[in-house]
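Have a look at the structure below before the remarks.
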Amino acid sequence: MSRWSNDLFGECIGIGVGTREVAVGQRVSRWKRSRNAASENNSRIVAMSHEQCYTENGVFDALRAAFEAEPDEAAPIENGRSRSHAAHIVLDDFWGNHAVLRGDFRALRAREIDEVAHAHFADTYGVDAQAICVRVCVQRGGRAAFASALPRTLVDGIRDVGASAGVDVRALKLCLPEMLNRSLDTTQQPDTMLLFAADALLQAVLIEAGRWAGYDAQRLFPHDARDPQRIAVLAEQAFEHCAERTAAKRETCALALHGIDIDPAPLEARFASVTVHASSASSVDNAARSLLEYAR
């Protein structure tokens, strides 16, 4: 295994955790990246073994390999102890679950909202509420919340691997909320379904009257991302699931597709309007590096 350079393994690193590989690179500001294009290529991919793809042990072993350093490349000593590196980690959404929770959250404290989210995921997926870690963002107005859940074993395992390598995991989150944050500015109509294609998932977030209304995920199989008709069928199914208990109509709903560049004609036959954002067209084929960009 080749060694990390001191320049790459700087004080703050970004990590993208996919289903088959891990990408690690120096974490720099958007302003700095715009001034130094070379930083975009200053990253490394560590593949998981075939047997460990899609497993937590595969993630842990890939991270250990990524953090491995020779003694002469160890972090410098400060005040008698090694300096820790900080890491911001973004995971493929395969590793967790999401939900849009609707209700009146205005009078609830943060702890109570977390309890609502824990209960939702525990009831929906039949897991112990203590076995998951949740993250919740309440929408302005307090009538909806976007919740994400990760297995506690995965969260604790990643932090333990980091600690063993002298890496302080300061941020650990799934990718969809980051993609959603960057995409909301592109939403022009009150009723819009945002569709995100990445690796093995096609994820949908429905916005009704300017508010989060529903979430759904559809499995992407090999070659699906290159089949416009298949994507249109999956998008229609996602809308039907998202629109349950809402007044949204597919024929009057706009669609914004992120992540792949395809012929929009089959989608246009099903939705009021279609916008394809192809700036991240390589994300399906280069999942770990795409995740790394959100970690940066």
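The values are calculated or read from the model by the stated rules, or taken from the named source; none is laboratory data. Quick caveat: nothing in here was measured; it's all calculated off a predicted structure. Cβ: placed from backbone, ideal geometry, glycine included. Neighbour counts: every protein chain shown. When the accessible area is computed, the model is the full protein with side chains, heavy atoms only, and any ligands, DNA or RNA have been set aside. Shrake-Rupley method; radii C 1.70, N 1.55, O 1.52, S 1.80 Å.
Placing a pseudo-label 7 Å from each Cα along the Cα-to-Cβ vector at ARG219 and ALA86 gives an inter-label distance of 4.0 nm. The stretch between ARG44 and GLN237 holds 65.8 nm of extra length on full extension. This uses 0.36 nm per residue minus the Cα-Cα distance. Sort the range 158-203 into rounded, prolate or oblate with this rule: let a ≥ b ≥ c be the square roots of the eigenvalues of the Cα gyration tensor; rounded if a/c is under 1.5, and if a/c is not under 1.5, prolate when a/b is larger than b/c, oblate otherwise. Here the range 158-203 falls in the prolate category. Judged by the ratio a/c of the largest to the smallest principal axis of the C-alpha gyration tensor, the range 116-184 counts as oblate, that ratio being 1.5 or greater while a/b is no larger than b/c.
How would the range 92-223 be classified by its alpha-carbon gyration tensor: rounded, prolate or oblate, with rounded meaning a/c under 1.5 and the a/b versus b/c comparison settling the rest?
In terms of gyration-tensor shape, oblate.
Between amide H atoms placed 1.01 Å from N, distances below 5 Å from GLY214 occur with LEU206, all of them 5 or more places distant or on a separate chain. Note on PHE60: accessible area is roughly 20 Å² with a 1.4 Å probe, heavy atoms of protein only. Of the GluC sites (Glu not before Pro) found in the range 147-255, those in coil by DSSP whose Cβ has at most 16 other Cβ atoms within 10 Å are GLU244.
Surface composition of the range 90-217: carbon plus sulfur atoms contribute 47% of the solvent-accessible area (1.4 Å probe, protein chains only, all chains present). A simple spin-label model places pseudo-atoms 7 Å from Cα toward Cβ; at ARG211 and ALA265 they are separated by 4.0 nm. Using a simple spin-label model with pseudo-atoms 7 Å out from Cα toward Cβ, ALA131 and ARG245 lie 2.4 nm apart.
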